[in-house]
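Laboratory data are not the source of any read-out in this text; all were calculated from the coordinates shown. The structure presented is a predicted model; accordingly, all values stated were derived computationally and were not measured. Here Cβ is always computed from backbone atoms with ideal geometry, including for glycine, and neighbour counts include all displayed protein chains.
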Amino acid sequence: MADVLVGFCAGVREGDLVTLESSTLAAPLLRELYRKVLEAGAQPLPRIALEPLTENLLRYGNDEQLAWVNPARADDIESVDVRIALAAPANTKRLSNVDPVRQARYDRSAEPLRNRYLERAAAGELRWVFSAYPTEAAAQDASMSLAEYEDFVFGAAFLDDPDPVARWQEFGERIDRLAAFLGTKREFRIVADGTDLRLVTEGRTWVPSKGQENFPDGEVFTGPLETSVEGEIRFTYPGVFNAREVDDVRLRFEAGEVVEATATRGQEFLREMIAMDDGARRVGEFAFGLNEAVPMFTRTAYPETGGLNRSALHWDLVCDLRSGSEVYADGELVYRDGQFLNGSS
């Protein structure tokens, strides 16, 4: 995994400054990453966190402390060439009882750094990869043993293939073709259980995610026109954000803006996040997930699209289209029950 993350995903080169970010639970992989970065002739810069620290800040910090921006983080974003980050949680529910108003204030404080990070990445100045590292907490969320979850993560990353990089390159060619096809379309309509949503992507770029940023990956995404989203969508799986979980999320849009948001659990948190800023009520990203080695939901789930929406909130929500679904592009059926139809890519 370290070979693929350093060589293929991040493309670490001699002289690069590379941050390695995770919790102490990812120590086995962090050690290997450190060694691989050194072998590439680069400088590893470890940033190892203790998971409870953010929880303490959100519970006990005053408003000024919640809004404080760590200058070390700002320096990293301005100076590093590569960022390799691993999600390795010990407790995925640790923030469940934090006041959502405080959570929103904390997230807003990080927006300038997040925007600068995306700017440097879009300009090609900063390469990055964010990956999953199997832990007991993540395995429990996926209703698996740790061994089963390890097999799942490494399988989704094609690491059981004799040549994982060649497999990703082959997969990437397919994603490239699909992105080119979708880029010729103006309007999409998505129909499924509880969902009938329309949006326009004319003039926007479809970006293929080929395992080199989010890892494992396998999606193609764009930013729809900010005022174009109309209709309703029901998200099949729980919405997981900042160690909080929201069940049965339903959103209704008019002129691109959420006008109704409900959930059977976590509704207050959902509404507080959507009210975080003006951009949080609008769709920033629309994507198709295409990695068939990810057959189940495990609760882990940019400016270059041409999208104009900006927000401190980036929350990925998943609608399962593998059964009882249809997607139309410019009025033509192009996708049904989890598959693009012949001629669509």
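The table for this structure:
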{"item": "GluC sites (Glu not before Pro) lying in DSSP loop within segment 114-167, provided at most 15 other Cβ fall within 10 Å", "result": "E125"}
{"item": "Shape call, segment 136-219: gyration tensor on alpha carbons, a/c limit 1.5", "result": "oblate"}
{"item": "Highest to lowest packing among 95-101, 275-281, scored as the average C-beta count within 10 Å", "result": "275-281, 95-101"}
{"item": "Of A10, G331, S79, farthest towards positive along the dipole that unit charges on Lys, Arg, Asp, Glu beta carbons give the chain", "result": "S79"}
{"item": "Percent of Cα pairs exceeding the 28 Å cut-off, where the set is segment 166-340", "result": "18"}
{"item": "Computed P(r) (all Cα pairs; segment 2-133; 5 Å bins; percent)", "result": "2, 10, 18, 19, 20, 15, 10, 5, 1, 0"}
{"item": "Lys, Arg +1 and Asp, Glu -1 on Cβ, resulting dipole of the chain about Cα centre, debye, nearest 20", "result": "400"}
{"item": "Efficiency of FRET from Cβ geometry, E326 and E150, R₀ 30 Å, rounded to 0.05", "result": "0.25"}
{"item": "Mean Cβ count within 10 Å, highest first, over the residues of peptides 324-335, 218-229", "result": "218-229, 324-335"}
{"item": "Environment charge of R105, counting only residues whose C-beta is closer than 14 Å and scoring Lys/Arg +1, Asp/Glu -1", "result": "-4"}
{"item": "Net charge dipole size for segment 166-340 [Lys, Arg +1 and Asp, Glu -1 on Cβ; Debye, nearest 20]", "result": "160"}
{"item": "Orientation-averaged projected area, Cα convex hull of the chain (nm²)", "result": "16.5"}
{"item": "Along each principal axis, Cα extent of segment 1-57, largest first, Å", "result": "38, 20, 16"}
